[in-house]
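Visitor: I'd like to ask you about the structure that follows.
The values are calculated or read from the model by the stated rules, or taken from the named source; none is laboratory data. Since the structure is predicted, the reported quantities are computational estimates derived from the model, not experimental observations. Every residue, glycine among them, receives a Cβ derived from its backbone with ideal geometry; neighbour counts consider all protein chains shown. Heavy atoms of the whole protein, side chains included, go into the accessibility calculation; ligands, DNA and RNA do not. Shrake-Rupley method; radii C 1.70, N 1.55, O 1.52, S 1.80 Å.
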Amino acid sequence: MIQSGAEPFFLPGGPDGVLLVHGFTGCPADLLLLGEYLQAQGFTVLGVRLAGHATSAEDLSRQTAEDWLDSVRDGAALLRGATRSLSVVGHSLGGVLAFLLAMEQPLRRIVSLATPVDIAPERGADQLPPRSLCAGRYAPKRRRRMRDVPPAVNESYARMPLVSVHELFDVIARMKEHLGEVAQPTLIMHSKCDHTATPESARYLYDHIASREKELVWLERSGHLLPLDVERQTVFEKTADFLARGGAR
């Protein structure tokens, strides 16, 4: 059963579609405020729910990175049926999946929010046991409570399956291997204070994608949850401005 308030959301607007993809152990509500802002700017918005998210940690443990990517593919297909163009905004793991989708199908534009290439050392990734020893094992997951956000945002998983962390690392490695295939116009936003996805991740993405039109924007006061943190309005405005570029939509 999906947590109340954490369901996928569809916000009808104009003829240009924006697919919003949340992060690891997050939910669509993490991007609802951004989605409402984009709808007000004339976009049609779909916030997808990645497989195994907003249900239970046990459910998440049964999903693979390919299942997560299938969730994004399904959302893209639905939104294409309702709009004339498709852009993708991905937060954290959602950004990884957005780049992978861009390698498979045409996208108008990509916005990457705190997408990880490397995980910050304080997250203890170096202590992750081998995959063969992770079945049925979980680690506590701390996430600070956010203010003035949809209630479901603060109901995220209190623990994460270690096998799912391996899936996360595997899909990041897959993205890195193929970044040179990403040619769509891309906006990369990252905070210098991100203690989950290292700030160096943003520079790596910028340097390795093949996009001729690309932009890197640094935030100064936010943490990892860019669409919810203290500079969210800047994130909203810069995202909308970037998606609106390129002449007639």
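Visitor: Mind checking which of Leu20, Leu225, Leu216 has the largest fluctuation in a GNM of the chain, springs on alpha carbons under 10 Å?
Guide: Leu216
Visitor: Tilt of helix 162-178 relative to the longest C-alpha principal axis of the chain, in degrees (0 to 90, nearest 10)?
Guide: 40
Visitor: What Rg and what Dmax come out for the range 42-93 when only alpha-carbon atoms are used, in angstroms?
Guide: Taking only Cα atoms of the range 42-93, I get Rg and Dmax of 12.5, 38 Å.
Visitor: Under 10 Å, Cα contacts only: if you run a Gaussian network model on the chain, which one of Ser87, Ser164, Ser56 comes out with the highest mean-square fluctuation?
Guide: In the Gaussian network model the winner is Ser56.
Visitor: May I ask you to rank Ile110, Ile2 by accessible area, largest first, using a 1.4 Å probe over the protein chains only?
Guide: On the way: Ile110 0, Ile2 60 Å².
Largest accessible area first, the list is Ile2, Ile110.
Visitor: Within the range 134-156, find all residues whose amide N lies under 16 Å from a label point positioned 7 Å from the Cα of Glu58 along Cα-to-beta-carbon.
Guide: Backbone N within reach: 135-139.
Visitor: Which order do you get for Trp218, Trp68 if you rank them by accessible area with a 1.4 Å probe, largest at the top?
Guide: The residues order as Trp218, Trp68, largest area first.
Visitor: Moving on. If you add up the charges near Ile2, with Lys and Arg at +1 and Asp and Glu at -1, over every other residue whose beta carbon is less than 12 angstrom from its beta carbon, what do you get?
Guide: Spelling it out: positives minus negatives among the neighbours equals -2.
Visitor: On to the next question. Taking springs between alpha-carbon atoms closer than 10 angstrom, which of Glu122, Glu177, Glu213 fluctuates most in the Gaussian network model of the chain?
Guide: Glu122
Visitor: On C-alpha positions alone, give me the angle between the axis of helix 65-80 and the longest principal axis of the chain, in degrees, nearest 10.
Guide: 20
Visitor: Extension gain Arg142-Glu215, at 0.36 nm per residue separation less the Cα-Cα distance, in nm?
Guide: Extending this stretch completely gives an extra 23.2 nm.
Visitor: Here is a follow-up. Would you mind calculating the relative contact order of the chain from Cα pairs under 8 angstrom and at least 6 residues apart, reporting the percent as a whole number?
Guide: That works out to 21 percent.
Visitor: Which whole-number value in Å² is the accessible area per residue of the chain, probe 1.4 Å?
Guide: 43
Visitor: Also, quick follow-up: Ignoring ligands, DNA and RNA, please state the percent of accessible area on the range 6-102 from carbon and sulfur, probe 1.4 Å.
Guide: In the range 6-102, the share of accessible area belonging to carbon and sulfur is 52 percent.
Visitor: Please list, short to long, the whole-number percent of alpha-carbon pairs of the range 1-131 in consecutive 5 angstrom bins beginning at zero.
Guide: 2, 11, 20, 23, 20, 12, 7, 3, 1, 0
Visitor: Carbon and sulfur: what percent of the range 161-217's accessible surface (1.4 Å probe)?
Guide: Heavy-atom surface of the range 161-217 belonging to carbon and sulfur, 1.4 Å probe: 50 percent.
Visitor: Can you give the FRET efficiency to the nearest 0.05 for Met1 and Ala77, using r as the Cβ-Cβ distance and R₀ = 25 Å?
Guide: Efficiency, rounded to the nearest 0.05: 0.50.
Visitor: Just tell me which lysines come within less than 27 Å, Cα to Cα, of Lys238; anything on the same chain fewer than 8 places away is out.
Guide: Partners found: Lys176, Lys192, Lys214.
Visitor: Could you please report the charge total around Ala152, scoring K, R as +1 and D, E as -1 over all other residues with beta-carbon less than 9 angstrom from its beta-carbon?
Guide: Details: positive: none; negative: Glu7, Asp30, Glu155.
Here the charged neighbours net out to -3.
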